[in-house]
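For reference, the structure is listed below as structure tokens.
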Amino acid sequence: MPASVVTWIFVAALLAAYAVRLWLALRQMRHVAAHRERVPAAFARTVTLDAHRKAAAYTLAQVRLGIVATAFAAALLLGWTLLGGLDALNSALRDAIAPRWGALAYQLALLGAFALVGALLELPLAWYETFRIEQRYGFNRMSLGLWLADLLKGALVAAIVGGPLAVLVLWIMGASGGLWWLWAWAAWVGFNLLLLVVYPTLIAPLFNEFRPLDDEALRARITELMRRTGFAARGLFVMDGSRRSAHANAYFTGLGAARRVVFFDTLLARLTPGEVEAVLAHELGHYKRRHVHQRMAALFALSLGALALLGWLAAQPGFYRGLGVEPNLGAPNDALALLLFALALPPFGFFVSPLLALTSRRHEFEADAYACRQADGRDLASALLKLHEDNASTLTPDPLYARFHYSHPPTGERLAALPEPAATLQPAAPT
């Protein structure tokens, strides 16, 4: 494939993705701003005007930051590729490390240096989101020290867990011939399945504290829900989410016999037992409708296709030169190919994301319907409204922006689809 063709395809995809992202973000800002002074009629009795304004302001702040982050990511991508950043990093490490320590050490150094530089460049935006936006709207509860400690622990876990996987994949790429991508995919799938098993007990406790749910009445209620739905879990745990954020959530983690039910302490502090049961019934709905398995299967299928494509591109000199990198002559190009592919893929994947978001929203409706059969629909409706207020999610997103970006349906659409309408809830306090 000629290098010039690769360059033009890449630039066209990058510009198109950036233009669509910017257009959608501006639509979202205009739509939310135009509706922030009036609570939608369906929520007039259940959502205060102050809460609605806060959600609008928080949404606008997040979208503005997203515009900056998108522009920065596009500039960084061009810097790594066509402006020669990755080529310079590769040349320096190859010449300094490969002759003395060997090809594998050079390739691991390239992957590590790229990850480190990229993480450092993105730190200012992450800091601003946490200590400016989240702080301003009352969500952040982290100190700077805890934030930095999390970053350090995350980097160490990534090195300890990702390092062996990188060694294995690079070895497979160099030793398995033309079908290396198939064996690498099998290794990646196995790694992800293993991670699902070990994450709850070995990795998650490095960042949060987990204690058994000690509310006996709530424990009995949840245990009965899981009994009648045929769901088994190793334990019910409460996570100290309030140590870092005021946002609330509940989730399942683990695989097979290692599955756990985890509640944020902020969720238990905010919801009634009936609402907690309804939220958990929703999560159970994802398992009973096999959404988790479907998403895993889709992820594995997409990754297989991506690796097969990379298997072909990695053998094309134009792939490297078209993205601003001169391929190695006296050293392997495997790590270089992995990095270039990871850099070039997002602009193309952006246009697939609406299909994935559509599937996710459909799964949310199905899980809500399941929850209403297993718990009280009014409890689910009131829980959704409380979580909407606690997370400051807007009730008035731009419809096209939501269709493109939202993995969960807007709160209004979810409530409208429930058997028990939101209008049956108690009126909100006066503003």
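The values are calculated or read from the model by the stated rules, or taken from the named source; none is laboratory data. Values in this document were obtained by computation on a predicted structure and should not be read as measured data. Counting neighbours? That spans all protein chains shown, and the Cβs are built from the backbone with ideal geometry, glycine included.
Among the listed residues VAL169, VAL279, VAL198, VAL262, which satisfies the condition of being of a type in the set (Val, Ile, Thr) and either in a strand (DSSP E or B) or on the phi > 0 side of the Ramachandran plot (or both)?
Working: VAL169 fails: either in a strand (DSSP E or B) or on the phi > 0 side of the Ramachandran plot (or both); VAL279 fails: either in a strand (DSSP E or B) or on the phi > 0 side of the Ramachandran plot (or both); VAL198 fails: either in a strand (DSSP E or B) or on the phi > 0 side of the Ramachandran plot (or both).
Of the residues listed, the single one that is of a type in the set (Val, Ile, Thr) and either in a strand (DSSP E or B) or on the phi > 0 side of the Ramachandran plot (or both) is VAL262.
Determine which member of the set TYR401, TYR370 is of a type in the set (Phe, Trp, Tyr) and either without any contact (Cβ under 8 Å) to a residue 12 or more places away in the chain or within 29 Å of ASN140 (Cα to Cα) (or both).
Working: TYR370 fails: either without any contact (Cβ under 8 Å) to a residue 12 or more places away in the chain or within 29 Å of ASN140 (Cα to Cα) (or both).
TYR401 is the lone residue from the list that is of a type in the set (Phe, Trp, Tyr) and either without any contact (Cβ under 8 Å) to a residue 12 or more places away in the chain or within 29 Å of ASN140 (Cα to Cα) (or both).
Identify all residues within region 74-120 that are in a loop (DSSP other than H, G, I, E, B) and hydrophobic (A, V, I, L, M, F, W, C); write none if there are none.
So the first thing to find is which residues in region 74-120 are in a loop (DSSP other than H, G, I, E, B), and the list is 81-84, 102.
Answer for region 74-120, where residues must be in a loop (DSSP other than H, G, I, E, B) and hydrophobic (A, V, I, L, M, F, W, C): LEU82, LEU83.
Any residue in region 32-52 that is basic (Lys, Arg), loosely packed, with under 15 Cβ neighbours inside 10 Å, free of Cβ contacts under 8 Å to residues at least 40 places away in the same chain and not in a loop (DSSP other than H, G, I, E, B)? Explain how you work it out, then say what you get.
Keep residues of region 32-52 that are basic (Lys, Arg), which gives 36, 38, 45.
Still in the running and loosely packed, with under 15 Cβ neighbours inside 10 Å: 38, 45.
Now drop any that are not free of Cβ contacts under 8 Å to residues at least 40 places away in the same chain, which leaves 38.
Cutting the leftovers down to not in a loop (DSSP other than H, G, I, E, B) gives us none.
No, every residue in region 32-52 fails to be basic (Lys, Arg), loosely packed, with under 15 Cβ neighbours inside 10 Å, free of Cβ contacts under 8 Å to residues at least 40 places away in the same chain and not in a loop (DSSP other than H, G, I, E, B).
When you check ALA250 against the structure, is it out of contact with any Leu (no Cβ under 6 Å at 6 or more places or on another chain), on the phi < 0 side of the Ramachandran plot and either buried (at least 18 other Cβ atoms within 10 Å of the Cβ) or at pLDDT 90 or above (or both), yes or no? Step through it out loud before you land on a result.
Numbers: out of contact with any Leu (no Cβ under 6 Å at 6 or more places or on another chain): no; on the phi < 0 side of the Ramachandran plot: yes; either buried (at least 18 other Cβ atoms within 10 Å of the Cβ) or at pLDDT 90 or above (or both): yes.
The answer is no for ALA250.
Could you run through region 348-376 and say how many residues are within 28 Å of ALA51 (Cα to Cα), more than 24 Å from the chain's Cα centre (by Cα) and surrounded by fewer than 21 Cβ atoms within 10 Å (Cβ to Cβ)?
Residues that pass the stated criteria total 2.
Only one of LEU156, LEU148 is over 19 Å from the mean Cα position of the chain (by Cα) and either polar (S, T, N, Q) or within 28 Å of GLY102 (Cβ to Cβ) (or both); which? Break it down stepwise before answering.
Details: LEU148 fails: either polar (S, T, N, Q) or within 28 Å of GLY102 (Cβ to Cβ) (or both).
Answer to the check: LEU156.
Within the bounds of region 90-101, is there any residue that is within 20 Å of the chain's Cα centre (by Cα) and crowded, with 17+ Cβ neighbours inside 10 Å? Please lay out each step first, then the result.
At the first step, the residues of region 90-101 found to be within 20 Å of the chain's Cα centre (by Cα) are none.
No, the conditions are met nowhere in region 90-101.
Would you mind stating whether ALA257 is out of contact with any helix residue (DSSP H, G or I) (no Cβ under 6 Å at 6 or more places or on another chain), at pLDDT below 95, among the small types (Gly, Ala, Ser) and more than 30 Å from PRO419 (Cβ to Cβ)?
On the way: out of contact with any helix residue (DSSP H, G or I) (no Cβ under 6 Å at 6 or more places or on another chain): yes; at pLDDT below 95: yes; among the small types (Gly, Ala, Ser): yes; more than 30 Å from PRO419 (Cβ to Cβ): yes.
Yes; evaluated as a whole, the condition is true for this residue.
Just wondering, is there one or more residues in region 217-234 that are in a loop (DSSP other than H, G, I, E, B) and either at pLDDT 90 or above or surrounded by 16 or more Cβ atoms within 10 Å (Cβ to Cβ) (or both)?
Yes.
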